[in-house]
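The values are calculated or read from the model by the stated rules, or taken from the named source; none is laboratory data. Keep in mind the model is a prediction, meaning the values are calculated, not measured. Cβ placement follows ideal geometry from the backbone for every residue including glycine, while neighbour counts extend to all protein chains displayed.
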């Protein structure tokens, strides 16, 4: 049986294109498990950043062992080609890692199994921590082995400014920090951790190196904002984790009258010290009206800290005051529109953005700002399920982004187009825009958009019925989430993998991944995902006629759904419960939930 499994596995790889195996690298001066970790990391990077199907390490070991071979014994080109043939792959990667003191030297080559030709040979040196070599070095090696030119994209975590002043002044530091993250992330080729990701992991006890490790970035920015009377005391520090040193720091004062320009100066300092070239430096948050900007900052702080109905009304009042004072303060429009969008009040959300677009068109706003407004309008149409109009607005946003060469706006617009065409059922256009999104995501080194691309490709292949390829892309999403320690992403990926296995009639594997998604959802207290996973698990037991287990999970799903009052989901689960009771033969319970067939059975029995 084991022999048959290996033959089938090799045949499945032999019949697919672009298959590759990475043999464990030979290590000198490092531990065997470190060399194995580096090799495994390269497998992941080749899988995530190329179009290869990569042999997993445990399967690779099993196949070679069956043939009496060991990874460590495969050193000559003849043996490499032989191993590749046995594994049924097109290419094999081998390499060595040498360590002298804290200097790592890695060499790798990729060999064509059919011809024995060395297609690419790569060398890479790194002085510092093994963790940086794993996360950055192996990605660089993967890109070179794939024959891709890759510019290293600077990455930074901008830790929110610490408010050293009065508690009631906290909104200054919070709002300016949020705008700073947005400003830097939209300027040039740089990857910036989102405020949401930072807030999930940030504690005062973490060092800069620990923060960088958790956020998967090279640089960390920290600072202080202190309002003293009519003055702001500001300090900022930029730390490079690769070289373990502060590369820049400064301290200065600003008058209260200069409040709107503080964020801009912080942004320019960060970008200049990272040598980031920017196309446009003016942000939509900039305004000449101090009161307007202060109203906006207060609104942003209050909205992020509380979503209570009465507080949202206060937020809207503050934002309307900001807009009345400065019609050009785009970020105030964006946030005001968002408060209505989250409540599905689409007409009000659309009216705000339409007024902004009119203001921008009449006052010669920069193309960048108009491009952002178009994709925000597209978002509203998308939520309204008017996908044709959503496509129209996303397309306009993408066209503007192309004209000004703004990759950040474009990746959002292209990803949104991919999703809109998926919803329209146009799989070919969805695939076209997913490919464009993937290309940009790789250029930007953006895990967020890579994940979206993988999801899009997985959905495409599922629509085509190619579940093996769908799994490949869902597993890439899983790898990315594991790398960033993103529990929400992990839960999502496990859920997608579970759904695909269910469609393949592999119930055991589907249950395994649904349960992993459920456990992560419980850890995060995500009630929507908890209910969804219980429902999915219940359906698997139902389909395998294990009605007791099905009902147990359906009832858990129902109780959870009631906590967030989703009427559609509640009714859907009730239908599943009634069907399970009916099929189990408990017509009384099924009838209580409105099952017509059950009531008919009871009536016949009574007669």
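Below are the figures for this structure:
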| read-out | value |
| --- | --- |
| Entirely in the range 399-510, the helices (runs of 4 or more DSSP H) that have 1 or more residues that are over 26 Å from residue 532 (Cβ atoms), touching a residue at least 24 places away in the same chain (Cβ under 8 Å) and touching a strand residue (DSSP E or B) at 6+ places or on another chain (Cβ under 8 Å) | 427-444 |
| Residue within the range 337-358 that is over 26 Å from the mean Cα position of the chain (by Cα), part of a loop (DSSP other than H, G, I, E, B) and either in contact (Cβ under 8 Å) with a residue 24 or more places away in the chain or farther than 23 Å from residue 185 by Cβ (or both) present | yes |
| Given (1) over 29 Å from the mean Cα position of the chain (by Cα); (2) surrounded by fewer than 18 Cβ atoms within 10 Å (Cβ to Cβ), index of the condition residue 576 fails | (2) |
| Strands (runs of 3 or more DSSP E) contained in the range 87-168 and holding at least 1 residues farther than 28 Å from residue 220 by Cα and more than 31 Å from the chain's Cα centre (by Cα) | 91-100, 103-112, 118-127 |
| Filter result for the condition that a residue is closer than 27 Å to residue 329 by Cα and touching a residue at least 12 places away in the same chain (Cβ under 8 Å), over 215, 238, 211, 180 | 180 |
| Answer residue from the range 173-192, given it is out of contact with any strand residue (DSSP E or B) (no Cβ under 6 Å at 6 or more places or on another chain) and at pLDDT below 85 and is surrounded by the most Cβ atoms within 10 Å (Cβ to Cβ) among those | 183 |
| Looking only at the range 105-128, and only at residues there that are in contact (Cβ under 8 Å) with a residue 60 or more places away in the chain and under 15 Å from residue 35 (Cα atoms), the one that is surrounded by the most Cβ atoms within 10 Å (Cβ to Cβ) | 108 |
| Pairs where the first residue, in the range 569-596, is at pLDDT 85 or above and the second is surrounded by 20 or more Cβ atoms within 10 Å (Cβ to Cβ) and in a loop (DSSP other than H, G, I, E, B), C-beta under 6 Å, 6+ apart | 578/595; 582/595 |
| Any hit, the range 55-72, residues being surrounded by fewer than 21 Cβ atoms within 10 Å (Cβ to Cβ), under 30 Å from residue 444 (Cα atoms) and not assigned by TED's automatic domain parsing to the domain that holds residue 450 | yes |
